[in-house]
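Heads up, the thing below is written out as structure tokens.
Laboratory data are not the source of any read-out in this text; all were calculated from the coordinates shown. On a predicted model such as this, the values are computed, not experimentally measured, just so you know. Here Cβ is always computed from backbone atoms with ideal geometry, including for glycine, and neighbour counts include all displayed protein chains.
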Amino acid sequence: MGAKQFYIDPSRCIGCNACVEACAECDTHPGVSMIHLEQIQRGDTVQTTPIICMHCDEPACAAVCPADAIKRTPDGVVQSSLKPRCIGCTNCVYACPFGVPKYDVAVDQMMKCDMCYDRTSVGKKPMCATVCPSQALFFGTPEEIAEMRGGTPINKFIFDGKVVTTKVHLMVPKGHVQLDVKPNVLVRKSDLLIKSRV
Amino acid sequence: MSTNPKAQFKAKGIAFSWATGVAILILAAIYLGSGGLARFDAPLAAYASATIFAGFAIAYRYLMWIQRPPTWRYFVASWKLFLKPKRLVANLFKLVKLLWNNIVAQKFIERRGHSRWIAHMALAWGCLLAFAITFPLSWGWIQFSVAANGSDYLVEVFGKPTISFAPGSVIGFFFFNGLNISAVLVLTGVAVAMHRRVFNQGAQAVQSVTDDFIPLFLLFAVAVTGLMITASYRLMGGANFSFLSLLHAFAVILLLLYMPFGKLFHVIQRPAQLGVAYYKEEGARGEQALCARSGQPYQSKRHHDDLVEVMKEVGVDFGDHQNLSPLEKRKLIALNQLALKDDAPFVG
């Protein structure tokens with residue numbers, strides 16, 4: 001059995017907000033939810049998506065941090081900014097290609113999903129994955145995901161030519177090996193409905 | 001500073017030159033401030049040497065730090081904005097407010113939690129008080145002598161007589177116990193911080209011995225050995241005084257040598273938070289960047305343009321993707337996943 005991995009599948013998200021509530025139970029940021037739950041195109045579709053930190057192998061957030069406050073653990077988890085160092089400049093918020101880091105004005109600090117490090121570092125599931133009823137957020141072994149799902153997990157993303165690999169996997173239809181993130185892939189009103197009804 | 005070995009060598013050269021300059025400056029300040037070492041207190045020489053080394057290492061790390069591309073950009077931009085002649089007066093007023101909120105009262109830490117704030121205030125002010133007392137003493141800038149009446153203490157600063165006080169007066173109490181007070185403050189802070197580190201599960205998950213415990217151990221060692229010196233001469237008739245003095249000096253020197261390398265370096269980094277405040281203020285006043293997908297403003301144009309340059313410098317150039325707001329970036333992951341599935345009813 002391989003080590004447990006984090007898999008996300010936006011197409012399974014039902015927008016129930018359970019992950020958002022559970023996230024605030026995480027001991028490393030109690031009372032504050034780090035997960036983003038976005039409505040994709042409200043006028044066209046009920047589709048929602050959870051966005052957690054993808055934990056990049058070479059995190060852009062850390063590279064652009066002027067305070068050298070963002071650290072990646074040896075097991076590949078990119079942590080929230082170090083409190084003594086973060087100067088609240090928001091470089092990370094805007095540099096992240098997934099739009100993950102959150103800037104908290106009150107405490108003048110960037111915080112983000114740390115994959116529930118208090119839990120996952122001891123083999124437990126992250127809070128969001130424990131409560132997600134549709135398993136859009138799934139934490140388990142590669143064997144489990146291969147057995148249960150028809151899709152393929154990928155962790156290679158391309159943003160305008162720049163390749164980013166991540167610790168967290170995204171589920172895509174079989175046959176695909178990467179996600180080339182294009183801004184105009186489906187944008188106009190009703191695109192989603194037309195596309196999925198064809 | 002980039003990953004290019006030549007540029008790194010240059011950056012290290014600049015840092016080394018500045019650090020050497022700072023060390024020489026401290027040496028000169030000691031020499032001149034102590035009247036050509038006439039007032040230099042020889043038993044404190046070890047402390048003085050440690051401050052020179054700490055000054056060198058702190059300056060070296062600081063220079064290496066500000067030469068990183070994102071840091072340098074903020075450093076230059078915020079100084080330029082601060083010194084803008086048109087806004088200088090307003091900026092100075094703002095500085096007083098920023099200093100009060102962020103450095104003196106540390107309000108942003110208070111909003112993280114009361115006990116965390118109490119711990120940090122006690123540690124910060126305990127340490128600063130101790131430094132304010134001991135640095136001038138070990139550099140020979142301040143010394144005590146006898147006042148004209150033959151019984152009062154006279155404080156001499158750079159050899160010039162200033163105030164005098166009776167040994168039993170209130171001011172005398174604070175003069176003699178300044179370091180005891182700072183030790184009690186530090187111990188209070190260490191206790192509250194240690195309680196959190198031992199019992200808080202969230203802290204347990206992310207803390208490390210080198211980053212989080214060693215600074216607390218060092219501060220504890222300095223405060224306790226310092227108090228033991230007082231206990232020795234007040235309560236124990238001077239027993240083991242010289243050994244305790246040596247032990248305390250050892251602890252303090254360890255702390256000073258650790259300062260540039262570990263968590264405590266944040267004391268030197270923290271003023272950058274004030275510079276960023278000016279940068280943000282200017283950004284909010286100016287033009288805003290509009291998201292290429294939603295058309296909504298999401299970031300100041302100045303910050304957007306600077307960040308694009310920084311990203312190129314550090315090798316994470318996302319091209320046009322950088323013209324999207326974080327919100328739209330998040331949506332695009334789901335949208336692009338959906339686009340991959342074509343006619344399939346679901347991803348699986």
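Which of the residues that make up the range B:275-305 are part of a helix (DSSP H, G or I) and facing another protein chain (nearest Cβ under 9 Å)? Steps first, answer last, please.
Narrowing the range B:275-305 to residues part of a helix (DSSP H, G or I): B:275-285, B:301-305.
Passing the criteria: B:Gly275, B:Val276, B:Ala277, B:Tyr279, B:Lys280, B:His303, B:His304.
Looking only at residues in the range A:105-131 that are more than 16 Å from A:Cys53 (Cβ to Cβ) and in contact (Cβ under 8 Å) with a residue 40 or more places away in the chain, which one is surrounded by the fewest Cβ atoms within 10 Å (Cβ to Cβ)? Outline the logic, then answer.
Taking the range A:105-131 as the starting set, the residues that turn out to be more than 16 Å from A:Cys53 (Cβ to Cβ) are A:105-108, A:122-124, A:130-131.
The next check asks that each one be in contact (Cβ under 8 Å) with a residue 40 or more places away in the chain; those that pass are A:123, A:130-131.
Working: A:Gly123: 8, A:Thr130: 16, A:Val131: 18.
Once the filter is applied, the top-ranked residue is A:Gly123.
Check B:Ala289, B:Ala339, B:Ala277 and return the single one that is closer than 23 Å to A:Val163 by Cα and of a type in the set (A, V, I, L, M).
On the way: B:Ala289 fails: closer than 23 Å to A:Val163 by Cα; B:Ala277 fails: closer than 23 Å to A:Val163 by Cα.
Selected residue: B:Ala339, the only one of B:Ala289, B:Ala339, B:Ala277 that is closer than 23 Å to A:Val163 by Cα and of a type in the set (A, V, I, L, M).
Do the conditions hold for B:Trp72, that is, is it under 22 Å from B:Phe265 (Cα atoms), within 13 Å of another protein chain (Cβ to nearest Cβ) and either among the aliphatic types (A, V, I, L, M) or surrounded by 13 or more Cβ atoms within 10 Å (Cβ to Cβ) (or both)?
Yes, satisfied.
Do you know which of the residues in the range B:310-327 that are under 20 Å from B:Pro297 (Cα atoms) and in contact (Cβ under 8 Å) with a residue 12 or more places away in the chain is nearest to the other protein chains (Cβ to nearest Cβ)?
Filtering the range B:310-327 down to residues under 20 Å from B:Pro297 (Cα atoms) leaves B:318-327.
Going one step further and asking which of them are in contact (Cβ under 8 Å) with a residue 12 or more places away in the chain, we end up with B:320, B:322-327.
On the way: B:Asp320: 5, B:Gln322: 8, B:Asn323: 8, B:Leu324: 6, B:Ser325: 7, B:Pro326: 3, B:Leu327: 6 Å.
Out of the qualifying residues, it is B:Pro326.
Conditions (1) crowded, with 17+ Cβ neighbours inside 10 Å; (2) of a type in the set (A, V, I, L, M); (3) free of Cβ contacts under 8 Å to residues at least 40 places away in the same chain, marked per residue:
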{"residue": "A:Met1", "(1), (2), (3)": "no, yes, no"}
{"residue": "A:Ile52", "(1), (2), (3)": "yes, yes, no"}
{"residue": "A:Ala60", "(1), (2), (3)": "yes, yes, no"}
{"residue": "A:Gln79", "(1), (2), (3)": "yes, no, yes"}
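Mind checking whether some residue in the range B:331-346 is within 30 Å of A:Thr48 (Cα to Cα), under 34 Å from the mean Cα position of the chain (by Cα) and either facing chain A (nearest Cβ under 7 Å) or part of a strand (DSSP E or B) (or both)?
Step one: list which residues in the range B:331-346 are within 30 Å of A:Thr48 (Cα to Cα), which gives B:331-346.
Those left that are additionally under 34 Å from the mean Cα position of the chain (by Cα): none.
No, there is no match, as no residue in the range B:331-346 is within 30 Å of A:Thr48 (Cα to Cα), under 34 Å from the mean Cα position of the chain (by Cα) and either facing chain A (nearest Cβ under 7 Å) or part of a strand (DSSP E or B) (or both).
If you take just the helices (runs of 4 or more DSSP H) that sit entirely in the range A:104-173, which of them hold at least 1 residues that are more than 11 Å from chain B (Cβ to nearest Cβ)?
Helices (runs of 4 or more DSSP H) meeting the threshold: A:127-131, A:142-148.
Considering only residues of the range A:26-48 that are part of a loop (DSSP other than H, G, I, E, B), hydrophobic (A, V, I, L, M, F, W, C) and more than 7 Å from chain B (Cβ to nearest Cβ), which is farthest from B:Val206 (Cα to Cα)?
Looking only at the range A:26-48, we keep the residues that are part of a loop (DSSP other than H, G, I, E, B), and these are A:26-35, A:40-47.
Keeping just the survivors that are hydrophobic (A, V, I, L, M, F, W, C) gives A:26, A:32, A:34-35, A:40, A:46.
Keeping just the survivors that are more than 7 Å from chain B (Cβ to nearest Cβ) gives A:26, A:32, A:34-35, A:46.
Details: A:Cys26: 12, A:Val32: 17, A:Met34: 16, A:Ile35: 19, A:Val46: 37 Å.
Only one residue tops the list, namely A:Val46.
Tell me, please, whether a residue that is small (Gly, Ala, Ser), outside any helix (DSSP H, G or I), at positive phi and surrounded by fewer than 15 Cβ atoms within 10 Å (Cβ to Cβ) can be found in the range B:239-261.
From the range B:239-261, those small (Gly, Ala, Ser) are B:239, B:242, B:245, B:249, B:251; that's our starting set.
Then keep just the ones that are outside any helix (DSSP H, G or I); that gives B:239.
Okay, now just the ones that are also at positive phi, so none.
No, the range B:239-261 contains no residue that is small (Gly, Ala, Ser), outside any helix (DSSP H, G or I), at positive phi and surrounded by fewer than 15 Cβ atoms within 10 Å (Cβ to Cβ).
Is it fair to say B:Pro136 is more than 14 Å from every other protein chain (Cβ to nearest Cβ) and under 27 Å from the mean Cα position of the chain (by Cα)?
Working: more than 14 Å from every other protein chain (Cβ to nearest Cβ): yes; under 27 Å from the mean Cα position of the chain (by Cα): yes.
Yes: the conditions hold for B:Pro136.
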